[in-house]
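Student: Below is one structure. I have some questions about it.
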2 protein chains.
Amino acid sequence: MRTTVKDVAKAVGLSTTTVSLVLNNKPNRIPEATRKLVLKAAKELNYRPNHIAVSMVTKKTHTIGLILPDISNLYFSELAKVIEEQCHKYGYNVLYGNTNGTLEHEFEYLNLFVDRSVDAVIMTVSSNYSETDVKRLYEIGETNNVPIMMVDRTLDDPRFMSVLLDQKLGGFLATSYLINLGHKKIACITGPKNLRISIERLEGYKSALGDAGLPFDRSLVIEGDFSVDSGSRALPYILGQNATAVFSLNDMMAIGVYRECRRYHLSIPQDLSIVGFDDIFIDEFLEPPLSTIAQPVQEIGKYAVKKMMSVLEGKKNPCTDAGDTKIFKPALKVRGSALKFTEKKQI
Amino acid sequence: MRTTVKDVAKAVGLSTTTVSLVLNNKPNRIPEATRKLVLKAAKELNYRPNHIAVSMVTKKTHTIGLILPDISNLYFSELAKVIEEQCHKYGYNVLYGNTNGTLEHEFEYLNLFVDRSVDAVIMTVSSNYSETDVKRLYEIGETNNVPIMMVDRTLDDPRFMSVLLDQKLGGFLATSYLINLGHKKIACITGPKNLRISIERLEGYKSALGDAGLPFDRSLVIEGDFSVDSGSRALPYILGQNATAVFSLNDMMAIGVYRECRRYHLSIPQDLSIVGFDDIFIDEFLEPPLSTIAQPVQEIGKYAVKKMMSVLEGKKNPCTDAGDTKIFKPALKVRGSALKFTEKKQI
DNA sequence: ATGGGTTGGTAAAATGTTTTACTAAACTAG
DNA sequence: CTAGTTTAGTAAAACATTTTACCAACCCAT
């Protein structure tokens, strides 16, 4: 059985109050001798406070809930790793939940976590929220007094803290790069059409086209769902449109394009240039290494928990006063999947 | 503020006892009318039990601790995903911690988690345990009455439950495949030398060699550390030994070999055949797709939590009577990274 | 010796539940 | 009508802490 405060109190013949006082080194006047005595006994009995009991009275669990769409996705697993790492540094543990991108799961985990009295929630929402959904989400945070932070994707509500990426800039960077290589017919494989990040990345694409005086051609964009397979499925269409380059809104779909190109005996980048988005681990090991838009995941994760900790330890009402959004800048990472456009490259 | 039992008790003019009784539908004789009344009030007030308080009295948190070396590693992130998924199905949440493979972190998280009264711990140990380490680990489990399950890698102690892979068989399968393709000089890139899985996979390698009447040549094995870079570093040595094939003890190092081969302008599998181990997600997207030994991660994860749940809900002392080890069989997954050996292939 | 301040502590409440042991009232059988 | 049984419910303890409010004893100065 675990040692309790009572046990150590009994061992030293003092009250639990005194023991608790020294163990939490409260600024009470406790003579050095007593302090030493208690500390020694606690150590000998291998006393470790029962965190549940502590939480009961302090109302703090030093736990944060992390709600992600899919931890087996490289981007999120890396994000999860940084976040856990950072939380750990601040003495916090993380409870995590996989939503598979469904609204029901997002709410389910949120409720589960507030029931467990997490001190805060960091989540990336992946489905479409109606106004009432947003309201419901906000209210859960408020009535439980747990600050909610959106990472990677946000809701249209300034009351939530958000740490995001400038998605539009990412789309712009990728597309401009392709344009500068001389490509005129640049296809775009999007994510689910009404998902924020799809829209924003696509806006970057349009804006780069516009800046270069190139027309935006609706028939060059095809909807995917961020999965490898949807990338594969998109290729025939893209080829049909005589595109010479493609901007894939994430790396997974780009991988799908790679795979399909092999089936068609097309080579990247000679026959088709491609740039992805996310900079997942495997990009550099693909053949050819995939050029992509890199998100500063490490910084994003670090910033997110740092901000959250300051909210948690700050004086302001963590829930209602916290809203604030930070936007990180993505960067183009040139590897080997895009080439200067030359006429003969047409198939 | 959250609604408490007191609130709903007050709302219906009954005692908290009664409310608790109906909410937990205990087999007490409570008239249907009262039951309905309470349920209705609870719903209207949006009552949700405070899990911390419940844990305080029931001594169950419905939380399991998951301790892994590196969640950004594809194998572990997938494992983590299944485990979380399954736990969720049983009504359990998971607290997770990343150890980066260090013993200190393993103990740190274990302690942290038992302090938080997790009901069980599932972990993969990655460092070398001395006898006293094992003893210490066991004692933490015992004094806190939390069953500990080793997954993927085990300690030499029958008291822990373990769910493992038949590593030796995996090594055997990979090597036999290469032998059957006609290779005689098969190099092996190992993991850290005294790690169990390194040893066991290597044993499979030796045994396949033996079965085929091929000599075991010490100079054909080179130590890696399971990282991509260590795979890359191993290539020149392997080439120096005139090996025509290599068995990499994990896929990451195989990826390192791929990368280095490109630098040497060698092509796989024409110039070098390779088979990996783990079957991580990206294997099929490499060029050529990597043949490997597949672990049934899904099944492993499912089995692990199923077993754990039966222990948790069983009558036997979960800690001391639980020991039991299940061993899953790996399978060879042939893709495109190995070729029949022919003399002209020598460089 | 009285009163004020300091020193070294402690008892008890509080946290939100579950659970045990009990009881008052109503009903039933003889 | 009474004794026993059932019905419908409750008070209080327990869980392991922290924290608040208090107190006794001692010391010191007047």
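Bear in mind that the values in this text are calculations on the coordinates, not laboratory data. Worth saying up front: this structure is predicted, and the values here are computed from it rather than measured. Neighbour counts are summed over all protein chains in view; Cβ atoms, including those assigned to glycine, are modelled from backbone coordinates with ideal geometry.
Student: Over segment A:193-347, how many percent of alpha carbon pairs lie in each 10 Å bin up to the one with the longest distance?
Tutor: 10, 34, 31, 14, 9, 3, 0
Student: Greater than 31 Å separation of Cα atoms is the criterion. Which listed pairs, B:K59/B:K81; A:K6/B:K326; B:K81/B:K340; A:K135/A:K326; A:K43/B:K306, meet it?
Tutor: A:K6/B:K326; B:K81/B:K340; A:K43/B:K306
Student: Give a residue-ordered list of calculated ³J(HN,Hα) values for segment A:291-297 (Karplus: 6.51 cos²θ - 1.76 cosθ + 1.60, θ = phi - 60°; whole Hz; x for Gly, Pro).
Tutor: After applying 6.51 cos²θ - 1.76 cosθ + 1.60, I find 6, 7, 9, 9, 9, x, 4 Hz.
Student: Then there is this: Kindly work out what percent of the DSSP beta bridges joining two residues of chain B are antiparallel, to the nearest 5.
Tutor: 10 percent
Student: Per-residue HN-Hα couplings for segment B:159-165, Karplus 6.51 cos²θ - 1.76 cosθ + 1.60 at θ = phi - 60°, whole Hz, x for Gly and Pro?
Tutor: Values, residue by residue: 6, 8, 5, 9, 10, 10, 10 Hz.
Student: Here is a follow-up. Quick query: amide H of A:S337 versus all other amide H atoms, modeled in the peptide plane; which residues come in under 5 Å with a sequence gap of 5 or more or a different chain?
Tutor: A:S291
Student: Averaged across A:65-73, how many Cβ atoms of other chains sit within 10 Å of each residue's Cβ atom?
Tutor: 3
Student: Sticking with this one: Based on Cβ point charges of +1 for Lys and Arg and -1 for Asp and Glu, what charge dipole magnitude is obtained for segment B:101-238 about its Cα centre, in debye rounded to the nearest 20?
Tutor: 700 debye
Student: Can you list residues whose amide H is under 5 Å from B:R48's amide H, if they're 5+ apart or on another chain and H is modeled 1.01 Å from N?
Tutor: The list, which skips near neighbours in sequence, is B:T3.
Student: What length, rounded to one decimal in nm, is gained on full extension from B:Y237 through to B:I199, with 0.36 nm per residue of separation minus their alpha-carbon distance?
Tutor: Gain on stretching B:Y237 to B:I199: 11.6 nm.
Student: Pick from A:S20, A:S55, A:S232 the residue whose mean-square fluctuation is largest in a GNM of chain A, springs joining Cα atoms under 10 Å.
Tutor: A:S20
Student: Stokes-Einstein at 20 °C, 1.002 mPa s, Kirkwood radius from Cα pairs: D for segment B:5-49 in µm² s⁻¹? Don't skip to the answer; put the middle values down first.
Tutor: Details: Rh = 10.1 Å.
D = 212 µm²/s.
Student: Let me ask something additional. Counting only other residues whose beta carbon sits under 14 Å from that of A:I199, what net charge do I get with K and R as +1, D and E as -1?
Tutor: Taking every Cβ under 14 Å from that of A:I199, the sum is +1.
Student: Go through segment A:21-33 residue by residue and turn each phi into a ³J(HN,Hα) via Karplus (6.51, -1.76, 1.60, θ = phi - 60°); whole Hz please, and just put x for glycine and proline.
Tutor: Here the 3J(HN,Hα) series is 4, 6, 4, 9, 3, 7, x, 8, 7, 10, x, 3, 4 Hz.
Student: Provide an ascending nm list, one decimal, of label-point separations from B:G210 to the equivalent residue in each further copy; define each label point as 7 Å from Cα along Cα→Cβ.
Tutor: Computed spacing set for this position: 7.2 nm.
Student: Sticking with this structure for a sec: Report, to two decimal places, the Cα Rg of chain A normalised by 2.2 N^0.38 Å (N = number of residues). Mind showing how you got there, number by number?
Tutor: On the way: Rg = 26.0 Å, N = 347, 2.2 N^0.38 = 20.3 Å.
The reported ratio for this selection is 1.28.
Student: Separate question: Taking the simple approach of a point 7 Å from Cα along Cα-to-Cβ for both B:S310 and A:K6, what is their distance in nm?
Tutor: Using points 7 Å along Cα→Cβ, the separation is 3.7 nm.
Student: Okay, moving on. Among DSSP beta bridges whose residues both lie in the protein assembly as shown, state the antiparallel percentage, nearest 5. Show your work: numbers first, answer last.
Tutor: Working: 9 of 75 bridges.
Within the protein assembly as shown, antiparallel bridges account for around 10 percent of the total.
Student: Something else: What does the C-alpha gyration tensor say about the overall shape of the protein assembly as shown? Classify as rounded when a/c is under 1.5, otherwise prolate if a/b is larger than b/c, or oblate.
Tutor: Here the protein assembly as shown falls in the oblate category.
Student: Please list, ordered by chain and number, the residues whose modelled amide H lies under 5 Å from the amide H of B:N93; skip anything fewer than 5 residues away on the same chain.
Tutor: Here the answer is B:T63, B:I64, since their amide H atoms fall under 5 Å of that of B:N93.
Student: Obtain the nm distance between the two label points defined at B:Y90 and B:R48 by a simple spin-label model: each point lies 7 Å from its Cα along the Cα-to-C-beta direction.
Tutor: Going by the 7 Å Cα→Cβ label model, 2.3 nm.
Student: Is there a simple number for the mean count of other chain Cβ atoms within 10 Å of the Cβ of residues in B:284-291, and what is it?
Tutor: 4
Student: Under 1.5 on a/c is rounded, so check that first for segment A:51-103, then, if it is not, pick prolate when a/b is larger than b/c and oblate when it is not; a ≥ b ≥ c are the square roots of the alpha carbon gyration tensor eigenvalues.
Tutor: Cα axes put segment A:51-103 in the oblate bin.
Student: If each residue of separation counts as 0.36 nm, what is the full-extension length gain between A:K60 and A:K329 once their alpha-carbon separation is subtracted?
Tutor: Details: separation 269, 0.36 × 269 = 96.84 nm, distance 3.41 nm.
Roughly 93.4 nm would be gained on extension.
Student: What is the calculated FRET efficiency for B:N180 to A:H265, with r their C-beta to C-beta distance and R₀ = 30 Å, to the nearest 0.05?
Tutor: 0.55
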